[in-house]
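The values are calculated or read from the model by the stated rules, or taken from the named source; none is laboratory data. All values derive from a computational prediction rather than experimental measurement. All Cβ positions, even for glycine, are placed from backbone atoms using ideal geometry, and neighbour counts span all protein chains on display.
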Ligand SMILES: C[S@@+](CC[C@H](N)C(=O)[O-])C[C@H]1O[C@@H](n2cnc3c(N)ncnc32)[C@H](O)[C@@H]1O
């Protein structure tokens, strides 16, 4: 499998960040299964032409012409086999919407034409990747979540000599800086190691700089205060030329690294995993695979934090967790044995 140079690389963590637990995250490459949904019935000997009535397509594809669906699946297969990025198990409706957007931007009319272009023009593939990776984020996003972290998770973290936290799907890092600030204020930052990963290398580059638009500082200040912050938020950055440069100390204990939840593994133990507003883009099977990965990567009594519209309800790992704060989607692994491995079945 060819991975785009500069876009995807193996994640080897420097020893200084291993925190005694060994190598944390590693790319395994192309392990995810194929597209999980059955192909639409497009006919046997008496082929029925290029479109299938809405009622015949599986629900997420209702109303989508069968030929378009086929072309979309072939495009995703080609991207996976040539570049190693696996979007085959993303939630179909938002996937299609974003691919359509790229189609339009490229001035093309079919997914087959787009397939040809992305295979032969890496710049076009990079543009597609940008479209596929929705980087909307913010500091202390959903402030009450951060308040709940302070009140319900921090007391537990205080009892640990060292703390390992994984931000999976961290986008441009605002969530990670917010966590660093929270830990600093709670006197826990010194003993913490934060692993911040995303499939999007450009977003990670932005995260590494610690530079964010000054225009958002007012919003972040409000979020910070509502999230339980008691200092002056402006203590944490220096304003210069329309940008806010966050203090280097906040990323001293952070490792930003590329990692793809659809194809890569993790073989480390974390005390806390945050994966907020990422699973909503995955279909049921990929969501189940990712939750299995998190279940296997958490220490006993480790904490899992999901986004507002995500939950463990009706998933295969549900029994392994208890709710710490159901509204804020904060869960803790129980001491119960892990469920047997299986594919699919997550919700
Ligand atoms: C909406 S952002 C969420 C950022 C942050 N967690 C938050 O809640 O503000 C979703 C992020 O998930 C990342 N993402 C999507 N699919 C991924 C995958 N398969 N592996 C890793 N990251 C992925 C995207 O690149 C994007 O940066």
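Laid out as a table, the results:
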read-out: Search result, residues across region 173-188 that are over 16 Å from the mean Cα position of the chain (by Cα) and either surrounded by 22 or more Cβ atoms within 10 Å (Cβ to Cβ) or within 16 Å of the ligand (Cβ to nearest atom) (or both); value: 177, 178, 179, 180, 181, 182, 183
read-out: Lone qualifier among 262, 239, 243 - being touching a strand residue (DSSP E or B) at 6+ places or on another chain (Cβ under 7 Å) and over 19 Å from residue 157 (Cβ atoms); value: 243
read-out: Residue in region 294-303 that is within 16 Å of the ligand (Cβ to nearest atom), surrounded by 16 or more Cβ atoms within 10 Å (Cβ to Cβ), assigned by TED's automatic domain parsing to the domain that holds residue 175 and over 13 Å from the mean Cα position of the chain (by Cα) present; value: yes
read-out: Given (1) free of Cβ contacts under 8 Å to residues at least 60 places away in the same chain; (2) more than 23 Å from residue 134 (Cα to Cα); (3) surrounded by 15 or more Cβ atoms within 10 Å (Cβ to Cβ), index of the condition residue 230 fails; value: (3)
read-out: Pairs, first on the phi > 0 side of the Ramachandran plot in region 156-169, second within 16 Å of the ligand (Cβ to nearest atom), C-beta under 6 Å, six or more apart; value: 169/198; 169/275; 169/278
read-out: Among (1) assigned by TED's automatic domain parsing to the domain that holds residue 269; (2) touching a helix residue (DSSP H, G or I) at 6+ places or on another chain (Cβ under 9 Å); (3) farther than 19 Å from residue 275 by Cβ - the single one residue 155 does not satisfy; value: (2)
read-out: Yes/no for residue 117 being in the same structural domain as residue 181 (by TED's automatic domain parsing) and part of a helix (DSSP H, G or I); value: no
read-out: In region 191-208, the residues that are in a helix (DSSP H, G or I) and either within 16 Å of the ligand (Cβ to nearest atom) or touching a residue at least 60 places away in the same chain (Cβ under 8 Å) (or both); value: 201, 202, 203, 204, 205, 206, 207, 208
read-out: Single match in 112, 94, 124 (criterion: over 25 Å from the mean Cα position of the chain (by Cα) and either away from the ligand (no atom under 16 Å from the Cβ) or surrounded by fewer than 16 Cβ atoms within 10 Å (Cβ to Cβ) (or both)); value: 112
read-out: Options 80, 87; residue that is more than 11 Å from the ligand (Cβ to nearest atom) and crowded, with 19+ Cβ neighbours inside 10 Å; value: 80
read-out: Region 280-316: number of residues that are closer than 19 Å to residue 332 by Cβ and outside any strand (DSSP E or B); value: 17
read-out: Selected residue (only one of 274, 261, 279 is surrounded by 21 or more Cβ atoms within 10 Å (Cβ to Cβ) and free of Cβ contacts under 8 Å to residues at least 60 places away in the same chain); value: 279
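Conditions (1) at pLDDT below 95; (2) outside any helix (DSSP H, G or I); (3) within 14 Å of the ligand (Cβ to nearest atom), marked per residue:
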| site | (1), (2), (3) |
| --- | --- |
| 137 | no, yes, yes |
| 140 | no, yes, yes |
| 147 | no, no, no |
| 155 | no, no, no |
| 161 | no, yes, no |
| 165 | no, yes, yes |
| 171 | no, yes, yes |
